[in-house]
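Visitor: Could you have a look at this structure, given as structure tokens, before my questions?
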């Protein structure tokens, strides 16, 4: 019942049993403080928060963005990284509020980790997205780039050329349902003009060299092309939002190989996305 009440408060409704995550204490894993008597140099680069650093994709994004932005990671578990990182559950608490203080934009990797039960995945992604965006909006964060999955469109047959404005059709008992509901939370924040939300639905993130010689998968996208799309979404001074959904935009991010499952035309036009890795 608690999860249902929460989903209703966020403007959502789903069927199924409740799930909860056992609370774990926040444990900061931040860079060391400067020595006494020294004044740290001011870093003019905008500060960007990247979530879900326990996932390899999120760590890869953080490392790639660090050349242009001042990147801080957050994770639900201890992770090994050279970037500043804070362990946080992304709950409605002081840890999350402190995490977004001074952040200009955030990259929220709202992908369900493998092995989670559906109820737990929904609780983690929906509640985590709601609490994170609530704190971000209150802190004056201007834009959230939400990483979702093209699996939310998997309900359409291969014969359809599915575009971003089609109604998502995630499988009812799949992790994609949790990812779609996280998108819905972001859409409500954008609709209420609390902050801009740019959703990047990605395919199966791989490294081209790691899959060399394997049979082509039409869902493949190289991690470096995902990084390119995220960088473009963060850097764009103005994004063209569809009429009636100002502050909310969705782009499909995949390779532009001839056999790719989804078109990237909208991302090419709206973000200047140019995939560099093809099969």
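Visitor: Within 22 Å of residue 138 (Cα to Cα) and in contact with a helix residue (DSSP H, G or I) (Cβ under 6 Å, 6 or more places away or on another chain): does that describe residue 247? Spell out how you get there, then give the answer.
Guide: Values: within 22 Å of residue 138 (Cα to Cα): yes; in contact with a helix residue (DSSP H, G or I) (Cβ under 6 Å, 6 or more places away or on another chain): yes.
Judged against the criteria, residue 247 is a match.
Visitor: Across region 146-176, what is the number of residues that are touching a strand residue (DSSP E or B) at 6+ places or on another chain (Cβ under 7 Å) and in a loop (DSSP other than H, G, I, E, B)?
Guide: Count: 1.
Visitor: Restricting attention to region 177-217, which residues are part of a loop (DSSP other than H, G, I, E, B) and surrounded by fewer than 23 Cβ atoms within 10 Å (Cβ to Cβ)?
Guide: If the condition is that a residue be part of a loop (DSSP other than H, G, I, E, B) and surrounded by fewer than 23 Cβ atoms within 10 Å (Cβ to Cβ), then 192, 193, 194, 195, 207, 211, 212, 213, 214, 215, 216, 217 are the ones that fit.
Visitor: Another question, then. Against the definition (buried (at least 21 other Cβ atoms within 10 Å of the Cβ), touching a residue at least 40 places away in the same chain (Cβ under 8 Å) and farther than 25 Å from residue 272 by Cβ), how does residue 144 come out, yes or no?
Guide: In short, no.
Visitor: Filter region 61-118 down to residues that are at pLDDT below 95 and at positive phi, then give me how many there are.
Guide: Going through region 61-118 one residue at a time, the tally reaches 1.
Visitor: Tell me which of these residue 220 doesn't satisfy, since it passes every other one: (1) in contact (Cβ under 8 Å) with a residue 60 or more places away in the chain; (2) crowded, with 17+ Cβ neighbours inside 10 Å; (3) over 26 Å from residue 76 (Cα atoms).
Guide: (1)
Visitor: Among the residues of region 64-96, what is the count of those that are under 19 Å from residue 225 (Cβ atoms) and either part of a loop (DSSP other than H, G, I, E, B) or out of contact with any helix residue (DSSP H, G or I) (no Cβ under 9 Å at 6 or more places or on another chain) (or both)?
Guide: 4
Visitor: Let me ask you something else. When the residues of region 97-107 are filtered to those that are free of Cβ contacts under 8 Å to residues at least 60 places away in the same chain and touching a strand residue (DSSP E or B) at 6+ places or on another chain (Cβ under 9 Å), which remaining residue is farthest from residue 197 (Cα to Cα)?
Guide: Checking each candidate, the answer is 98.
Visitor: Here's a follow-up. Restricting to region 236-279, name every residue that is assigned to a helix (DSSP H, G or I), farther than 20 Å from residue 153 by Cα and in contact (Cβ under 8 Å) with a residue 40 or more places away in the chain.
Guide: 271
Visitor: Restricting to region 147-159, give me the number of residues that are without any contact (Cβ under 8 Å) to a residue 40 or more places away in the chain and farther than 21 Å from residue 200 by Cβ.
Guide: Going residue by residue through region 147-159, those that are without any contact (Cβ under 8 Å) to a residue 40 or more places away in the chain are 151, 154-157, 159.
Restricting the remaining residues to those that are farther than 21 Å from residue 200 by Cβ gives 157, 159.
Residues that pass the stated criteria total 2.
Visitor: Given the criteria outside any loop (DSSP other than H, G, I, E, B), under 14 Å from the mean Cα position of the chain (by Cα) and surrounded by 16 or more Cβ atoms within 10 Å (Cβ to Cβ), does residue 111 qualify?
Guide: Details: outside any loop (DSSP other than H, G, I, E, B): no; under 14 Å from the mean Cα position of the chain (by Cα): yes; surrounded by 16 or more Cβ atoms within 10 Å (Cβ to Cβ): yes.
In short, no.
The values are calculated or read from the model by the stated rules, or taken from the named source; none is laboratory data. On a predicted model such as this, the values are computed, not experimentally measured, just so you know. Positions of Cβ are backbone-derived with ideal geometry, glycine not excepted, and every protein chain shown enters the neighbour counts.
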